[in-house]
1. Here's a check for you: in the stretch 157-210, which residue that is in a loop (DSSP other than H, G, I, E, B), modelled with pLDDT of 90 or more and in contact with a Leu (Cβ under 8 Å, 6 or more places away or on another chain) is surrounded by the fewest Cβ atoms within 10 Å (Cβ to Cβ)?
2. Have a look at SER85, SER34, SER23 and point out the one that is in contact with a helix residue (DSSP H, G or I) (Cβ under 8 Å, 6 or more places away or on another chain) and closer than 29 Å to GLY182 by Cβ.
3. For the stretch 250-299, enumerate the residues that are over 20 Å from the mean Cα position of the chain (by Cα) and among the β-branched types (Val, Ile, Thr).
4. When only residues in the stretch 128-146 that are touching a residue at least 60 places away in the same chain (Cβ under 8 Å) and within 19 Å of VAL329 (Cβ to Cβ) count, which is farthest from the chain's Cα centre (by Cα)?
5. Any idea which residue in the stretch 112-127 is farthest from the chain's Cα centre (by Cα), counting only those that are within 21 Å of ARG61 (Cβ to Cβ) and of a type in the set (Gly, Ala, Ser)?
6. Tell me the residue from GLN121, GLN94 that is open to solvent by 20 Å² or more (accessible area, probe 1.4 Å) and in contact with a strand residue (DSSP E or B) (Cβ under 9 Å, 6 or more places away or on another chain), please.
7. Take the stretch 278-308 and flag every residue that is without any contact (Cβ under 8 Å) to a residue 40 or more places away in the chain and under 13 Å from VAL378 (Cα atoms).
8. Considering the stretch 359-374 alone, what residues qualify as being touching a strand residue (DSSP E or B) at 6+ places or on another chain (Cβ under 9 Å) and open to solvent by 80 Å² or more (accessible area, probe 1.4 Å)?
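The values are calculated or read from the model by the stated rules, or taken from the named source; none is laboratory data. None of these values were measured; they are calculated from a predicted model. Note that each Cβ is placed from the backbone with ideal geometry, even for glycine, and that neighbours are counted across all protein chains shown. Just the protein is used for accessible areas: all its heavy atoms, side chains included, with ligands, DNA and RNA removed. Shrake-Rupley method; radii C 1.70, N 1.55, O 1.52, S 1.80 Å.
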Amino acid sequence: MQVSSTTAGANASGPSVARQAISSARRVVVKIGSSALTSLEGGLDTARLDRLADAVEARMRVGSDVVVVSSGAIGAGIAPLGLNSRPRDLATKQAAASVGQMALAHAWGTSFARYGRTVGQVLLSADDFARREHHRNAQRTLDRLRALGAVAVVNENDTVATEEIRFGDNDRLAALVAHLVGADALVLLSDVDGLYDGDPRRGAATFISEVTSNADLDGVIAGSGGALGTGGMASKLSAARLAADAGVPVLLAAAASAATALTSGTVGTAFAARPVRLSARKFWVRHAADSRGALLLDDGAVHAVAHRRRSLLAAGIIGLRGRFHGGDVVDLVAPDGRVIARGVVEYDSAELASVLGRSTAELPDSMRRPVIHADDLVKV
């Protein structure tokens, strides 16, 4: 890991590979946090939104396709509803989102109209990524909006999302959208100027300019979000890891530095992408699909799956949890309780329960296929 005690993003030898990729990316997803757009006192800050739209427009004018993932719907609804703080109960959150979403969409539309651009609002829920058909529909919508020259502004559909089916924060949503549209870079803009090894508000902390692997983050202490947001540094780190896993380099920077972040990329913290992208199917299995159950493995099956990349056979399964159907995604659990992989199961839980631990030769002909094929297995 390249660590710097300054906030000068690029090191003395010039921009890193990740920064070069971000600055030259043809397709970019830009996520903008609630704190960059709203305040508790005044709701939506259109002046700040305009400056962010200016930075996005400048990037588009040099030939990049940009998808905006915009937080701020709940924050934008707080002041109009006369609330004094971000609501905690689900019904009030949904009410605030229903008011704020209209204001947010109108503000983005008005701002980009200064450049003669049309804005299309795309509201997504976690279910839209968990279900393959919904996933493809969202992908087609975003692709078509770009083909028609519109700016896609994506947000979580907070008016209907429940605690059980929501993304949790728009950082994760942005990382999933980056994979969905085949982005070449993800830029996360908020009220922080990059990654530190601790909270800089609480004393000395070292600024981290470059992250080249997950191992480089050992020892980094990440906190939760502020008064208006739901994310914080922990969610940004998780999103950066997720995007990097999809082969997308990430830049974490302050919204106040949006113009520089979207041109030279010499501010903030750059996260390098993994050299080879996961396939769309394996990415979906690992990050987007809901787990419908779990298979409990013996030590031999753990070794075969985790270290030899073999298919999972019934002989290595000692138990199961949950009710699932063939085609569902399930977790694979080691004897010590660790989830070691996920995969698309071939059989229903009821079918599988009757053949656990049996060798292939002992199985009926209809169940001699692997329980999970190696092509449908992903280590976690």
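1. VAL181
2. Checking each option against the conditions leaves just SER34.
3. Correct list: THR260, THR263, THR266, VAL267.
4. Going residue by residue through the stretch 128-146, those that are touching a residue at least 60 places away in the same chain (Cβ under 8 Å) are 129-130, 132, 135, 142, 146.
From what is left, the residues that are within 19 Å of VAL329 (Cβ to Cβ) are 129-130, 132, 135.
On the way: PHE129: 11, ALA130: 13, ARG132: 17, HIS135: 14 Å.
It comes out as ARG132.
5. Filtering the stretch 112-127 for residues within 21 Å of ARG61 (Cβ to Cβ) gives 112-120.
Still in the list and also of a type in the set (Gly, Ala, Ser): 113, 116, 120.
Values: ALA113: 28, GLY116: 30, GLY120: 21 Å.
It comes out as GLY116.
6. Working: GLN94 fails: in contact with a strand residue (DSSP E or B) (Cβ under 9 Å, 6 or more places away or on another chain).
Result: GLN121 is the single residue among GLN121, GLN94 that is open to solvent by 20 Å² or more (accessible area, probe 1.4 Å) and in contact with a strand residue (DSSP E or B) (Cβ under 9 Å, 6 or more places away or on another chain).
7. SER279, VAL302, ALA304, HIS307, ARG308
8. Filtering the stretch 359-374 for residues touching a strand residue (DSSP E or B) at 6+ places or on another chain (Cβ under 9 Å) gives 370-374.
Once the filter is applied, which keeps residues that are touching a strand residue (DSSP E or B) at 6+ places or on another chain (Cβ under 9 Å) and open to solvent by 80 Å² or more (accessible area, probe 1.4 Å), the stretch 359-374 yields only HIS373.
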